[in-house]
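Please read the structure below before turning to the comments.
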Amino acid sequence: MDQSPVVKVFSSRIEAEIARSYLESFGIKTEIISDDAGQSYPSFQSIRGVKLLASKKNLKKARELLDKKALSNE
């Protein structure tokens, strides 16, 4: 996914993985990018964030689904 836009930035890889699974249940393929030295320094995740990426085609739908899910959990 070259140059894929960021759907959302999470403070942990676990949160990003949950969101990824949720979006993939709707057929939206995603990718997770995290600069945490190959998971050797997970504390970097909270500083730099964990990015969830999707294609430009699916960006709007992915954001809508995550926003809707967040509202239903409040």
field: Every residue from segment 15-31 that is surrounded by 12 or more Cβ atoms within 10 Å (Cβ to Cβ) and assigned to a helix (DSSP H, G or I)
entry: Glu15, Ala16, Glu17, Ile18, Ala19, Arg20, Tyr22, Leu23
query: Among all residue pairs at least 6 apart or on different chains, which show Cβ distances below 6 Å where the first residue, located in segment 1-21, is under 14 Å from Ser34 (Cα atoms) and modelled with pLDDT under 90 and the second is polar (S, T, N, Q) and exposed (fewer than 15 other Cβ atoms within 10 Å of the Cβ)?
result: Ser11/Ser46
- request: Of the conditions (1) modelled with pLDDT under 95; (2) touching a Pro at 6+ places or on another chain (Cβ under 9 Å), Ala54 clears all except one; give me its number.
  value: (1)
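The values are calculated or read from the model by the stated rules, or taken from the named source; none is laboratory data. What you are looking at is a predicted structure, and each value in this text was computed from that prediction instead of being measured. As a convention, Cβ positions derive from the backbone with ideal geometry for all residues, glycine included, and neighbour counts pool all protein chains shown.
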